[in-house]
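S.K.: Before I ask anything, here is the structure I am working with.
The values are calculated or read from the model by the stated rules, or taken from the named source; none is laboratory data. Remember, predicted model here, so these are calculated numbers, not experimental data. In this analysis, Cβ positions are derived from the backbone assuming ideal geometry, glycine residues included, and neighbour counts consider all displayed protein chains.
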Amino acid sequence: MLSRRQFLWSAARAAAVTAVPVAFSACTKSHSETRPAGLSDPQGANLRDPVSFPKGFFWGASTAAYQIEGAWNEAGKGESIWDRFAHTPGKILNGDTGDVACDSYHRWKDDLSLLRAMNLNSYRFSIAWPRVQPAGAGAMNPSGVDFYSRVVDALLEARIRPLVTLYHWDLPQALDDHGGWLDRDTAQRFADYAGAMAKLLGDRVHDWVLINEPGAFTYRGYLDGTHAPGRASLVDFLKATHTVNLAQGAGFRALKTERPSARVGTAFNMSLCEPATDSPEDRAAAERAHAITNLWFLETALNGRYPEALVFLPERIMGIMSGDDEKMRAPLDFVGINLYYRTIVSAPAVSERLVHTQDWIFPANLQGGQQGPKTAFGWEVWPQALHDMVMRITRDYRRPVIEITESGCSYKDRSDANGVADDFRLNYHHDYLAALSRAMASGANVRGYHAWSLLDNFEWAAGYSQRFGLAYVDFQTQKRTLKKSGRWYAQVAESNRLSRQPISA
């Protein structure tokens, strides 16, 4: 199952990645040993007693600039790669664009009202790079900076923490015209931008996300071409991933230089990689899947190297130079995890390898889980994946601070006179929070949970066909309506407590 939130690895197979022996004890339990972690599973999502979260826990929701702001060419904003891509016929379902989206550039106070109505104390939103720096370099746009400054001030006045994402996929088109993420110089351009925003907003913003889902946007934008900028080249993909790793390190240093006390992380797209069986072959394949799906950008930040499970790297193709290990390093203050589902991994049979010769180089088959219920996107709902992924990162990286920067589900919601009764979404967040609470009880240092998303919005190549929001948006009138899940989430946030059964909404 392919999606924007999964760093799949047809890329790695094509890149001739050679595997080394792995410690099988580090792999997750096999798919054959698991069962759905739903409300009927006492070891999964169900809670025997109500669970209180730690004092000061961040209850939040997430959005992204291009998906909600609209105002794509107003007040000095420059063109982004998503403006260009969405305006290209045939790229987006139904010909949708983000030109208006949720009109949050003009209606951000309505969004703030939703945050307050849900008793949230954290809001993760992104800055549109071309809105504040139209050319991706040089002079800043005062109107754009002022817009985000007003949003930050209003959030603080409402006692809501601004968790600001610097890059959520909307690269200035001017930079893409000069190579974009294929050009090593873009890493420095990102660092300059990060330092400028820290200088302009860092007196009030203390928590920053450098990059959102680096694995997802490089895969979709440079390998399969279904997202901006729409390239479909293995070589381009490999170069882009390395430039992004350099940007992560450079951006971290620039932000810390300007604001040493700032708390800085990245939101990594992750998917629990489970072996299909308990065989050594499947467990080895799952471990390699974990390395490239979950660690390609995390290991470089924390340890200055690409994952050890992959010993061959096409350094010349990727553009790796001497000293890049230190340039990539970024001792993040927290690890952001975006997680929605799990991945089942198996090693191909000999007969498959005869047909697909690349399987001799990188033997692995991946598919989405099939046991749990499915969302409208076809993603399996599997709360145990969040627990196990959080525990894996906790174990392997010496108990870092973790924030769940995204988790959510899309369904075909309908608004009527009685509102929006989205019980599936309510149960999703209940079950994933229950799984998260068990990880915290086992020692994971988790300080926040951010539902994706605050609003129904522009869902990239799927246009407006998928609704993830806790609030329903009528895209004709821009009216916002809290769904049943949003009203329930408000009660959880207010009480800082998750009950055994979902609170009535």
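S.K.: Got a number for residues in region 414-454 being touching a helix residue (DSSP H, G or I) at 6+ places or on another chain (Cβ under 8 Å), charged (D, E, K, R) and either within 21 Å of N212 (Cα to Cα) or part of a helix (DSSP H, G or I) (or both)?
M.R.: 3
S.K.: Then there's this: Quick one: count up the residues across region 167-186 that are among the hydrophobic types (A, V, I, L, M, F, W, C), crowded, with 23+ Cβ neighbours inside 10 Å and in contact (Cβ under 8 Å) with a residue 60 or more places away in the chain.
M.R.: Here the count works out to 3.
S.K.: Also: Is at least one residue of region 282-296 assigned to a loop (DSSP other than H, G, I, E, B) and acidic (D, E)? Give the derivation first.
M.R.: Step one: filter region 282-296 for residues assigned to a loop (DSSP other than H, G, I, E, B), giving 295-296.
Filter again for acidic (D, E), leaving none.
Within region 282-296 (the criterion being assigned to a loop (DSSP other than H, G, I, E, B) and acidic (D, E)), the answer is no, since none of the residues qualifies.
S.K.: Report whether or not A139 is surrounded by fewer than 16 Cβ atoms within 10 Å (Cβ to Cβ), among the hydrophobic types (A, V, I, L, M, F, W, C) and farther than 21 Å from I81 by Cβ. Break it down into steps so the answer makes sense when it comes.
M.R.: Details: surrounded by fewer than 16 Cβ atoms within 10 Å (Cβ to Cβ): yes; among the hydrophobic types (A, V, I, L, M, F, W, C): yes; farther than 21 Å from I81 by Cβ: no.
Considered against the rule, which asks whether it is surrounded by fewer than 16 Cβ atoms within 10 Å (Cβ to Cβ), among the hydrophobic types (A, V, I, L, M, F, W, C) and farther than 21 Å from I81 by Cβ, A139 comes out as no.
S.K.: Please indicate, with yes or no, whether at least one residue in region 264-286 is among the β-branched types (V, I, T), at pLDDT 95 or above and under 21 Å from A240 (Cβ atoms).
M.R.: Pass one, region 264-286, residues among the β-branched types (V, I, T): 264, 266, 277.
Pick out the ones that are also at pLDDT 95 or above and you get 264, 266, 277.
If we keep only those that are under 21 Å from A240 (Cβ atoms) as well, we get 266.
Yes, region 264-286 has at least one match.
S.K.: Of everything in region 61-107, what is acidic (D, E) and either buried (at least 16 other Cβ atoms within 10 Å of the Cβ) or part of a helix (DSSP H, G or I) (or both)? Give them in sequence order. Don't jump to the end; show me each part of the working.
M.R.: Initial filter on region 61-107 (acidic (D, E)): 69, 74, 79, 83, 96, 99, 103.
Matches in region 61-107: E69, E79, D83, D96, D103.
S.K.: Something else about it: Looking only at region 224-238, count how many residues are assigned to a helix (DSSP H, G or I) and surrounded by fewer than 24 Cβ atoms within 10 Å (Cβ to Cβ). So that I can check it myself, show each step before the final result.
M.R.: Within region 224-238, the subset assigned to a helix (DSSP H, G or I) is 234-238.
Okay, now just the ones that are also surrounded by fewer than 24 Cβ atoms within 10 Å (Cβ to Cβ), so 234-236.
So the answer is 3.
S.K.: Follow-up. Can you confirm whether region 16-32 contains a residue that is more than 29 Å from V152 (Cα to Cα), modelled with pLDDT of 95 or more and polar (S, T, N, Q)?
M.R.: no
S.K.: Looking at the structure I just gave you, is Y464 in contact (Cβ under 8 Å) with a residue 24 or more places away in the chain, of a type outside the set (V, I, T) and either assigned to a strand (DSSP E or B) or farther than 17 Å from L339 by Cα (or both)? Before you say what the answer is, go through the steps one by one.
M.R.: Values: in contact (Cβ under 8 Å) with a residue 24 or more places away in the chain: yes; of a type outside the set (V, I, T): yes; either assigned to a strand (DSSP E or B) or farther than 17 Å from L339 by Cα (or both): yes.
Answer is yes for this residue.
S.K.: Any chance region 182-191 includes a residue that's touching a strand residue (DSSP E or B) at 6+ places or on another chain (Cβ under 8 Å) and within 24 Å of D110 (Cα to Cα)?
M.R.: no
S.K.: Please go through region 380-395 and pick out each residue that is assigned to a helix (DSSP H, G or I) and either under 17 Å from the mean Cα position of the chain (by Cα) or touching a residue at least 12 places away in the same chain (Cβ under 8 Å) (or both).
M.R.: Q384, A385, L386, H387, D388, M389, V390, M391, R392, I393, T394
S.K.: Looking at region 372-379, can you tell me whether even one residue there is touching a Lys or Arg at 6+ places or on another chain (Cβ under 8 Å), buried (at least 24 other Cβ atoms within 10 Å of the Cβ), farther than 14 Å from G443 by Cβ and touching a residue at least 24 places away in the same chain (Cβ under 8 Å)?
M.R.: Scanning region 372-379 turns up no residue that is touching a Lys or Arg at 6+ places or on another chain (Cβ under 8 Å), buried (at least 24 other Cβ atoms within 10 Å of the Cβ), farther than 14 Å from G443 by Cβ and touching a residue at least 24 places away in the same chain (Cβ under 8 Å).
S.K.: Separate question: Of everything in region 365-404, what is modelled with pLDDT under 95 and among the aliphatic types (A, V, I, L, M)? Give them in sequence order.
M.R.: Once the filter is applied, which keeps residues that are modelled with pLDDT under 95 and among the aliphatic types (A, V, I, L, M), region 365-404 yields only L366.
Yes/no per residue for (1) part of a helix (DSSP H, G or I); (2) of a type outside the set (S, T, Y); (3) over 26 Å from T293 (Cβ atoms):
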{"site": "P130", "(1), (2), (3)": "yes, yes, yes"}
{"site": "V145", "(1), (2), (3)": "yes, yes, yes"}
{"site": "A154", "(1), (2), (3)": "yes, yes, yes"}
{"site": "T165", "(1), (2), (3)": "no, no, no"}
{"site": "Q188", "(1), (2), (3)": "yes, yes, yes"}
{"site": "G195", "(1), (2), (3)": "yes, yes, yes"}
{"site": "V209", "(1), (2), (3)": "no, yes, no"}
{"site": "R220", "(1), (2), (3)": "yes, yes, no"}
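S.K.: Take the residues in region 234-287 that are among the basic types (K, R) and touching a residue at least 12 places away in the same chain (Cβ under 8 Å), then tell me which one is farthest from D203 (Cα to Cα).
M.R.: Among residues in region 234-287 that are among the basic types (K, R) and touching a residue at least 12 places away in the same chain (Cβ under 8 Å), the one farthest from D203 (Cα to Cα) is R283.
S.K.: Can you tell me which residue in region 322-364 is farthest from A262 (Cα to Cα), limited to those that are modelled with pLDDT of 70 or more and among the aromatic types (F, W, Y)?
M.R.: Only one residue fits best here, namely Y341.
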